[in-house]
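What follows is a set of notes on a single structure, which appears directly below.
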Amino acid sequence: MPSRVVVGLQWGDEGKGRVIDSLAGEADIVVRYQGGANAGHTVWVDSKRYVFHLIPSGILHPETTCIMGGGMVVDLQALLDEIDGLNDRGINTQGHLFLSPRAHLVLPQHKGSEGLWEKRIGTTLKGIGPAYAQKYARLGVRVGDLYQEGLEEKLRLSLAEEDIQGLAQRLQEQGERIRPYIRDVEPLLNRALQEGKSLLFEGAQGTLLDIDQGTYPFVTSSHTTAGGACVGTGVGPTKIDEVIGVTKSYATRVGNGPFPTELGDELGELLQRDGEEYGATTGRPRRCGWLDLVALRYACQVNGVQRVALTKLDVLDRVPRIKLCVAYLYKGERIEEFPLSLDHCEPVYEELPGWENPTKGTRDFGKLPQKARDYIKRIVDYIGVKICWAFTGPRREDVVEMG
Ligand code: IMP
C-alpha cells in the first residue's frame, strides 16, 4: 500500500483538504506534519461544510486513524474547541485521533507577541512564528512536558509571564482533557508501515510559504514542502512512495509579499467572488491572479511531485481570455527559473482563449470543453508533470479523473 504526501504548490488554500478527503478513503492513517491552527482545510460532505485547522481532514472517515505529528505547533484550546465542534456534529474523535508529545505548544503569550513585523508579513496571528522561534531557540514547551515534573521551570525559562503558576495550571487542565489523544506516533507510524498499511501525509499551507523554499520572509515558519513530512513525523524518506501536488487553476495569496501575477482589476474580483476566495481561518479576502507556471514548475521540483491535482477549474468558466505566466522579466532580462526573490519580477504571459462554458460538476474528461482541455494540456507541457485530477465544483463527486 502506498505512502503519499499531499502538498500545496502555491501560497496555500489550493484545496488540499478535498484532495486529502478523496484519497483518505484509501489510507489507513492520515498525518499532519507541520504548522498549526494557521491552516484552514475546508471539506464539503452532503452539503455540510467542515473546516479543519489542526485535526487532519481524514477525521471524517471513521475507519481512518488521524495523527498530529511532532513537527506541529499546537494551541491546546484551539484543539479542544475543534474536537468539541466535531463531537457536537456527531463525529467521533476518540480512538482514531492521536497527537505526538513531541509537538510544541503555542502558548497564549505567543499569540499576543505577534507585533509590527508579523503585521507586515500579514500572518494569521495564531502565534505560529513565535512558537517556532522558541522551539528553535531550544526554549520551547512540548505537549509531553504537560505530563512531566518541572513544567513551571520550563515555562519560567521561556516566558516573561508573571503568573507562571496560573498558566501551568491552566495548561495542565487542558492537558488532562487531551490526555486520551496523546500517543508516541513515531513507533505507531513505523509499525504501520511494516504491516503494509497506507499513510497519507497532509501538508498545510503551500510550497511558496515554506520557511526555506518559499518567498522568504513572506512565509510561514515551518517546512510545508514534502520533506517536512519526514522530519515532522519520524518516518524516513525511503518510506514515501508518492508526492501529489495540489494547485488551483489560478493563483491566490493571503497576507503580504510579492505576487507577480496578481490582478488588481475586476477580473481579480470575479475570481474572488466566483472562487469564494476568503480565508477559512481569518476570513480575509484572498488576493487573486493568473496561474504562475514558473512558480508551479519550481514547486513541483522542490517537492519531487509525481502527480498534480488541479482544483477550481470551474471558477474560470466565465473568463473570456486566460493568461498563464511563463517567465518573468527582471531588470529587462527574461528568466524562467524561480528567483531568490519575486520583487521586481514582471510576469511574461501567454494568452489562451477561455472556454466560456460551464464545467461545474463535470466528471468526464471528454465532456470538458476543448479549450479547457487545451488549458490543462498547456500546464502539463510546461511543468512536465501530469495532472491526474481536475476538480470542477465543491462536492465530493465534482472531479474529472485522468489516471
Ligand atoms: P503565519 O503562518 O500565521 O505565521 O503566517 C505567515 C504567512 O503565511 C502569512 O502570509 C499567512 O497569510 C500565510 N498563511 C499561513 N497559513 C496559511 C494557510 O493555511 N493558507 C494560506 N496562507 C497561510
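The values are calculated or read from the model by the stated rules, or taken from the named source; none is laboratory data. Since we're looking at a predicted model, the values are computed, not measured. Please note: Cβ atoms are built from the backbone with ideal geometry, for glycine as well, and neighbour counts cover all protein chains shown. Note: accessible area is taken over every heavy atom of the protein model, side chains too, but ligands, DNA and RNA are not part of it. Shrake-Rupley method; radii C 1.70, N 1.55, O 1.52, S 1.80 Å.
Quick notes on this one:
- Of all the numbered requirements in (1) surrounded by 14 or more Cβ atoms within 10 Å (Cβ to Cβ); (2) in a loop (DSSP other than H, G, I, E, B); (3) in contact with a helix residue (DSSP H, G or I) (Cβ under 8 Å, 6 or more places away or on another chain), Arg395 misses one, and that requirement is (3).
- Odd one out for Gln109, checked against (1) modelled with pLDDT of 95 or more; (2) more than 17 Å from Cys230 (Cα to Cα); (3) polar (S, T, N, Q): (1)
- Any hit, the stretch 334-351, residues being closer than 30 Å to His41 by Cβ and outside any loop (DSSP other than H, G, I, E, B): yes
- Exactly one residue among Thr252, Thr247, Thr238, Thr282 is within 14 Å of the ligand (Cβ to nearest atom) and either surrounded by fewer than 23 Cβ atoms within 10 Å (Cβ to Cβ) or assigned to a loop (DSSP other than H, G, I, E, B) (or both), and that residue is Thr282.
- The strands (runs of 3 or more DSSP E) falling completely within the stretch 1-74 that include 3 or more residues that are closer than 19 Å to Gln94 by Cα and in contact with a Ser or Thr (Cβ under 9 Å, 6 or more places away or on another chain) map to 29-32, 48-52, 65-68.
- Of all positions in the stretch 57-69, at least one carries a residue that is within 16 Å of the ligand (Cβ to nearest atom), farther than 25 Å from Leu139 by Cα, out of contact with any Leu (no Cβ under 8 Å at 6 or more places or on another chain) and not basic (Lys, Arg).
- Residue list for the stretch 132-151, filter: assigned to a helix (DSSP H, G or I), in contact (Cβ under 8 Å) with a residue 12 or more places away in the chain and loosely packed, with under 15 Cβ neighbours inside 10 Å: Ala133, Tyr147
- Hits in the stretch 194-222 - residues which are of a type in the set (A, V, I, L, M, F, W, C), farther than 17 Å from Phe98 by Cα and in contact with a helix residue (DSSP H, G or I) (Cβ under 6 Å, 6 or more places away or on another chain): Phe218, Val219
- Here Ile387 meets the list (1) in contact (Cβ under 8 Å) with a residue 24 or more places away in the chain; (2) out of contact with any helix residue (DSSP H, G or I) (no Cβ under 9 Å at 6 or more places or on another chain) almost entirely, failing just condition (2).
- The stretch 77-92: number of residues that are open to solvent by less than 30 Å² (accessible area, probe 1.4 Å) and part of a loop (DSSP other than H, G, I, E, B): 1
- Considering residues of the stretch 255-264 that are out of contact with any Pro (no Cβ under 6 Å at 6 or more places or on another chain) and under 22 Å from Tyr375 (Cα atoms) only, the residue farthest from the ligand (Cβ to nearest atom): Leu263
- Residue within the stretch 305-324 that is outside any strand (DSSP E or B), over 27 Å from Gly384 (Cβ atoms) and within 16 Å of the ligand (Cβ to nearest atom) present: no
- Members of the stretch 1-26 found to be small (Gly, Ala, Ser) and open to solvent by 10 Å² or more (accessible area, probe 1.4 Å), listed by number: Gly15, Ser22, Gly25
This table checks each residue for (1) open to solvent by 30 Å² or more (accessible area, probe 1.4 Å); (2) without any contact (Cβ under 8 Å) to a residue 40 or more places away in the chain; (3) more than 25 Å from the chain's Cα centre (by Cα).
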| residue | (1), (2), (3) |
| --- | --- |
| Asp314 | no, no, no |
| Leu329 | yes, yes, yes |
| Ser341 | yes, no, no |
| Glu350 | yes, yes, yes |
| Ala372 | no, no, yes |
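- Qualifying positions in the stretch 3-50 - at positive phi and at pLDDT 90 or above: Gly12, Asp13, Gly15, Gly35
- Residue in the stretch 180-235 that is surrounded by the fewest Cβ atoms within 10 Å (Cβ to Cβ), counting only those that are more than 15 Å from the ligand (Cβ to nearest atom) and assigned to a strand (DSSP E or B): Ile182
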